[in-house]
Amino acid sequence: MLFFTRFFAFFRRDLMVSLSSKHLQRISFAHIIGRMTNSGAHPIFLVMCTVGIITGLYTLKDREPRLIPALFILGIVLLGMRIYMILQERRRRRDSRAVVDFDALRRTDLISRVPNIKDEIRGHDAVVDRVAERIQRNLGLALPGRTLGAFLLVGPTGTGKTYIGELFGKTLYPKSPLIHLRMNQYKDHQDVSTLIGPPPGYQGYEIGGALTRPVIENPYRVIIMDEFEKSHPDVRHCFFDILDKAQCIEKSSGKTAHFGACAFFATCNEGVESLRTIWSEVSDPITRVGRARDVLAGMTFDKALLARFDDILLMDMLPSVVVAEVACLQIAKYWKQYGIDVHYAAPELLAETVRRNIEFADYGVRELARQIQEHTTPAIETARREGIRRVRLSVDAKKEKILVETA
């Protein structure tokens, strides 16, 4: 009895130390289990478990003598499986080749899929080509310790910066969901734990990091860091090693996340005017990137972080002609959601949509999508009520109402 009393007193004292630590945590069953499994179970606890197992087997020896050899063989098999898992995990921590199939990456042909990306986005063909060429080059040279590319997309809101990252994600890895990090939610230095996981025993440690855990589960990812400039400097510092060495240790589990098969897209709304001036004065891509780094380093980012991006690209506002093309795509896409194909859209409808978008030019194409939804929703209701599946769209003489005709 004295033995058990001392054991539980020791364990209770261990919990009290946790309560008096700098970061006060809620005591729960998951917290206790986390301390025993991640921080290492106390030797006395392990001895008690072993004694309990041996006692149970000794009791079964007389009742079921044939069961003991079967349990022994099962134990040997489970022990071998556990040893194999430990060796595999240690190998995963040391070598990304155990996680990523670099030979398969080198055989990937992204350039042939670029036309599909250009069909979904308008006005940024030069950006699409440059990103695709860089990723294709890195695919051909894929090795541990380097990512497939990191791109900083600078431009005003609503110019398709996030969308272009989503398109590359769907094209490069159709079966792997992309990781979308909204960096305006990482404004505090403590959000580092959200990104790469809190230490074992802290609340939320079993979930892991928002960046590291998905990559540990599936290393073939495209990662979007939206509004990167709004995150805390400590959060941005986490990307130093990730972009430089293509790996990061998750604090929650101690496992290594390998980013050798990942491509990064960071978006930024700052420094647009300065980059416009640079892009108008300089045509050489290398000189453009060098000057852009100097400009952005004087505003928000560290030079060391900017040097880790493969390219800095400007995605500026679109001209009216391109906005009309985007309007066509948006109308067709919006109606398609309701099972209706748009066979024809009158030029007057597109002109009215472009005119409305000019009034909200500061909000970019994102506002265009909202205007299209507001302008065409009544017509969709009419088409669905009449059972029309293929339509021609036009506007009345006063340009106040969309007319729906069967195509």
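Readers should treat all values here as calculations from the given coordinates under stated rules, not as data from a laboratory. All values derive from a computational prediction rather than experimental measurement. We place every Cβ from the backbone using ideal geometry, glycine too, and count neighbours over all the protein chains shown.
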Relative contact order, percent, of the stretch 127-283 when contacts are C-alpha pairs under 8 Å separated by at least 6 residues? 33
Rounded to the nearest Å, the spacing of the alpha-carbon centers of the stretch 97-167 and the stretch 370-386 is 35
Between Q190 and A304, how high is the FRET efficiency from 1/(1 + (r/R0)^6) when r is the Cβ-Cβ distance and R₀ = 25 Å? Nearest 0.05. 0.65
Beyond a 28 Å Cα-Cα separation, which of these cross-linked pairs lie in this structure: K161/K187; K230/K251; K230/K303; K118/K251? K118/K251
At 7 Å along Cα-to-Cβ for each site, give me the label-to-label distance between H180 and E217 in nm. 1.7
How many angstrom lie between the Cα centre of the stretch 314-333 and the Cα centre of the stretch 193-214? 40
Förster radius 56 Å - calculated FRET efficiency between A126 and T406 (Cβ-Cβ, nearest 0.05): 0.90
FRET efficiency (E325, V51; Cβ distance; R0 51 Å; to 0.05) is 0.10
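What is the gain in length, in nm to one decimal, between F102 and E273 on full extension, counting 0.36 nm per residue of separation less the C-alpha to C-alpha distance?
In short, 57.5 nm is gained.
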